[in-house]
Amino acid sequence: MPDGDTLVLTDGRVVRLVGIDAPEVAHEERPTQLGAEEARAELARLVRDRMLTIRPVAPYADQYGRVLALVSLPDGTTAQAGMLRAGLAFVFYFVDQDEQFFRELLPLQRQAMQAGRGFWPRLTAGAVPGGGLVGNVKSRRFGTARCAVAGHIAKHNRRLFGSVRAAFWHGFSPYRECGWWPAAGAGPGF
């Protein structure tokens, strides 16, 4: 299991769970992020030795060649829903995504946040990073005001957030380029 949002099937295909994102395990020069090992273990627990239904969705593959898919479990739920309920993934909107699917996933994330499951207590405990948070309503991404990517958001697409919790609550996910997700061993907050 590469991480909490990616599967390697027995036939060698790599499947990216569409609609969610999970913290990254260490690769290249980046450390393991908060919740990454737990997310990887939870996804393995959800899918191991089970018959899965893989339903590819447009655009069918990402920039790394992974199949973008809904992954259904034998009980009819999705692996995406299981990861969100555990508090070990967050919703990840993309332009071609089925809007209804996004609306189905967001309440599961909110429930995990309210219940304090997974990484949510630590991730949302700290003060807002310097300068506040700026979201892009078009892409549903957010970053600190000091992040170069966030600095290029057109005024009509800007949304300000007073907390990390508020940004995630509204279905925004962090810009990877801003690099503020805490490392696994870091203290609370940012």
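The long axis of helix 99-115 is offset from the longest Cα principal axis of the chain by roughly 70 degrees. With the convex hull of the Cα atoms taken as the outline of the chain, the averaged projected area works out to 10.7 nm². Relative to the first principal axis of the alpha-carbon coordinates of the chain, what is the inclination of helix 36-47, with its axis defined by its Cα atoms, in degrees from 0 to 90 and to the nearest 10? With both axes taken from Cα atoms, the answer is about 30 degrees.
Across the range 124-190, the volume of the C-alpha convex hull divided among the residues equals 78 Å³ per residue. Normalised by the number of residues in the chain, the average gap of Cα pairs under 8 Å and 6 or more apart makes the relative contact order 20 percent.
Return Trp169, Trp120 ranked ascending by Cβ neighbour count within 10 Å, so the fewest neighbours appear first. Please list the in-between numbers first.
Values: Trp169 16, Trp120 21.
With the sparsest Cβ surroundings first, the list reads Trp169, Trp120.
In terms of overall dimensions, the C-alpha atoms belonging to the range 77-156 reach 38, 32, 15 Å along their principal axes, ordered largest to smallest. Taking trypsin sites (Lys or Arg not before Pro) across the range 106-190, the ones in a DSSP loop with at most 14 further Cβ atoms lying within 10 angstrom of their Cβ are Lys138, Arg146. The loop-placed chymotrypsin sites (Phe, Trp or Tyr not before Pro) in the range 3-91, going by DSSP, that have at most 12 neighbouring Cβ atoms within 10 Å of their Cβ come out as Tyr64. Under the combined filter of DSSP loop state and at most 11 neighbouring Cβ atoms within 10 Å, the range 4-56 retains these GluC sites (Glu not before Pro): Glu28, Glu29.
Read the figures in this text as sums done on the coordinates, not as results from a lab. Note that the coordinates shown come from a computational prediction; the quantities given were computed from them, not determined experimentally. Virtual Cβ from ideal backbone geometry, glycine too; neighbours counted across all protein chains shown.
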